1. At a Förster distance of 30 Å, what's the computed FRET efficiency of T66 paired with E159, Cβ-Cβ distance as r, to 0.05?
2. How large, in Å, is region 77-123 by the Kirkwood hydrodynamic radius built from its alpha-carbon pairs?
3. Taking the Cβ of each residue in R69, R156 as the centre, tally the other Cβ atoms inside 10 Å and list the residues starting with the fewest.
4. What does the extension gain come out to for E132 and Q89, with contour length at 0.36 nm per residue minus their alpha carbon separation?
Amino acid sequence: MKNFFKLSLIILVGTLFSTAAIAQQQQQQMPPQPEPLSPEEVTDEQLEMVSNVTKAGQGIQEEADTKMREVVADVDMEFQRFQQIMMAQQNPQMAGQLDLSEEEQQTLQQIQPQLMQISQETQQKYIAKIQEEGLTIQKFQQITQAIQAHPEVAERFEEINAEEDEGDGDDGDDG
């Protein structure tokens with residue numbers, strides 16, 4: 001379960017940077033995203049670096065989630081409803097099924113600047129952690145893409161996470 005969470009966080013972070021890269025490409029006409037590395041090109045040391053970013057990313061994401069929940073609560077919107085709306089906006093097939101009231105639209109417009117600020121701060125924290133690990137954003141993206149594209153790389157990544165979790169010593173009790 002922990003490994004699934006870490007792998008899904010990697011995918012989330014990769015998506016976060018992909019979305020940011022697409023937005024930047026549209027603004028600056030940057031070159032396309034790098035190709036994922038082949039399994040042979042990904043070292044265990046690089047997977048450890050990504051694992052460290054992922055572990056830090058859990059805390060960064062939890063902090064962002066808390067801030068978003070507070071923003072949504074401040075405008076008296078149910079967080080579950082907010083999540084439904086956000087998911088529908090990202091999935092065109094769901095958008096037609098969503099009955100969005102005028103009040104909800106106004107509320108979303110009202111909180112959008114705060115949510116964007118949280119998103120930008122979160123992205124900056126991820127970038128700082130990636131750089132702190134000694135990776136470039138491009139290399140990080142290539143490694144996360146390789147984890148997603150190659151089952152053998154994903155397996156090595158999960159093994160490294162399992163070894164690091166055993167070495168942590170403080171993961172014995174979740175409650």
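1. The formula returns an efficiency of 0.45 here.
2. 11.5
3. Ranked by crowding around the Cβ, least crowded first: R69, R156.
4. That pair, E132 and Q89, stretches by 12.1 nm at full extension.
No value in this document is a laboratory result; all are computed from the given coordinates. Computed from a predicted model, the values in this text were never measured in an experiment. Because the Cβ atoms are built from the backbone with ideal geometry, glycine has one as well, and the counts that use them run over all protein chains shown.
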